[in-house]
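Notes to accompany the following structure.
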Amino acid sequence: MSQASFALAPSPAKNAHMGRRIVVFGASLAFLSFLDRAAISQAAPVIMRELHLSPAQMGLVFSAFGITYAAGEIPSGRLCDRLGARLMLTRVVVLWSLFTAATGWAWNFSSLFVIRLLFGLGESGCFPSLAHMFRGWLTPEQRNAAEGIKAASARWGAAITPLLMASMLAVMSWRWAFGIFGVVGLVWSAVFWRRYRNPGDENPAQGARPISWSKLVRARSVWALGVQWFCHYYGFYFYITWLPIYLLKARGLDLTHEAFAATLPLIAAGLGSLASGFFLTWVIRKSGSIALSRKMFGYFAYGGASVLLLTSTVVHDAGLAIVVLSLSGFAAEFSSPISWTTAMDIGGENVGSVSGFMNTLGHFGGALGPGITGFLLSYTAHAWSVVFYVSAAIYAIGALCWAFIDPVRELDLRR
């Protein structure tokens, strides 16, 4: 077995020590990942003005990341199964940091679009590799809380971005701001390479067994898990792309108040992830059923998010509308820990491949959502309610998906 193997379990002492370390690594990386993704949304008004971009073009720029990120998830997840998280995550962070910095070099729509495509490709494999790392070092019970912390950190990375970018843009250009974000990522990758080891590094052996891709793509649970993740990210990406513009154009907030208001739904989303991760373990103990608990969380997450998103369209007060959107984000994030822990359980030693498949479909949602929003706004004379109707319908589909997922049975993906 290889450095990526799960068969060679580390000693209890090492497991406890490395377990704490990898939760810190996972949380900090998730934070940086979403901070870098969301940075462009706060800078979007300035970028659109300087580069003379239309709303439709800006929507395509928002979508560019998700296109290549999704395309690279399955091969990157499989490589992580074979090579281990240490090498894969170092590669991921170095490349995405370089292309984050390169965003500040764009001079027109085409150059910005290509750079964001490369940024997405560079970051592909990040979260499947984190899932691989969590499964390798944490017990099943520990994973619920760890996933909640990781997901919360990701959302809070996106949440702090509007205020952080607004502060930075007050003293520097958007080009310099992206350069600074890139440097921070390179520092993280150097620390990770030095401090992290894969579970089997002391006894290297053979890599993950060959996988039957035909079995994987025929598995109903895998498809349903991926489709509900598509629904999750279709809705979520509104908050890190179009929300600042929505608050400026539709709700009439000035730049300072908009930057503060844009953080609230993302803070609420992080609290939803955190609550889900810790509350899930308690519910499982009370119900005695992992499968039932995860399904109920899935129904609550997407059903609640859908109803609240529809409610926001009839709220006229800007402050109350932000509260309702925040509650929608809170509810939707109950799906995050259950999605990743389900991928770990049904994927087994092929967790990178299964979670990569799930995240591929998820980020197709992340790629399509901002672009569709841009075109809807262009062709409905900026009817923001239509945008929310579409997202609410997609959330409802996400709830339905959980009726078709067996969230505990490990799949036999052997050739």
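The values are calculated or read from the model by the stated rules, or taken from the named source; none is laboratory data. Since the structure is predicted, the reported quantities are computational estimates derived from the model, not experimental observations. Note that we place each Cβ from the backbone using ideal geometry, even for glycine, and neighbour counts take in every protein chain shown.
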query = With ARG116, ARG155 as the choices, which residue is within 17 Å of SER339 (Cα to Cα) and crowded, with 21+ Cβ neighbours inside 10 Å?
reply = ARG155
request  = Could you tell me whether GLY329 is modelled with pLDDT of 95 or more, closer than 27 Å to ALA224 by Cβ, small (Gly, Ala, Ser) and under 22 Å from the mean Cα position of the chain (by Cα)?
outcome  = no
task = Quick one: which helices (runs of 4 or more DSSP H) lie wholly within region 200-261 and hold at least 1 residues that are surrounded by fewer than 19 Cβ atoms within 10 Å (Cβ to Cβ) and at pLDDT below 85?
result = 213-218, 243-249
task = Answer yes or no as to whether ALA27 is within 25 Å of the chain's Cα centre (by Cα), closer than 24 Å to GLY84 by Cβ, modelled with pLDDT of 60 or more and among the small types (Gly, Ala, Ser).
result = yes
ask   = Among the residues of region 378-395, is any in contact with a Pro (Cβ under 9 Å, 6 or more places away or on another chain) and modelled with pLDDT under 90?
value = yes
remark   = When every residue in region 351-369 that is among the polar types (S, T, N, Q) and crowded, with 24+ Cβ neighbours inside 10 Å is compared, the one nearest to the chain's Cα centre (by Cα) is ASN359
query = For ILE40, are the conditions met, namely being over 18 Å from the mean Cα position of the chain (by Cα) and under 18 Å from GLY366 (Cα atoms)?
reply = no
key: Any chance LEU413 is of a type in the set (A, V, I, L, M), closer than 30 Å to SER212 by Cβ, surrounded by fewer than 22 Cβ atoms within 10 Å (Cβ to Cβ) and touching a residue at least 24 places away in the same chain (Cβ under 8 Å)   = no
Residue among ALA106, ALA70 that is over 22 Å from GLY235 (Cα atoms) and surrounded by 21 or more Cβ atoms within 10 Å (Cβ to Cβ) = ALA106
ask   = Applying the selection to region 300-326, what residues are closer than 20 Å to LEU280 by Cβ and crowded, with 20+ Cβ neighbours inside 10 Å?
value = ALA301, TYR302, ALA305
request  = Could you grab me the full set of residues in region 366-409 that are in contact with a Lys or Arg (Cβ under 7 Å, 6 or more places away or on another chain) and in a helix (DSSP H, G or I)?
outcome  = TRP402, PHE404
request  = Taking the residues in region 89-140 that are of a type in the set (Ser, Thr, Tyr) and farther than 21 Å from ALA64 by Cα as candidates, determine which candidate is modelled with the highest pLDDT.
outcome  = THR90
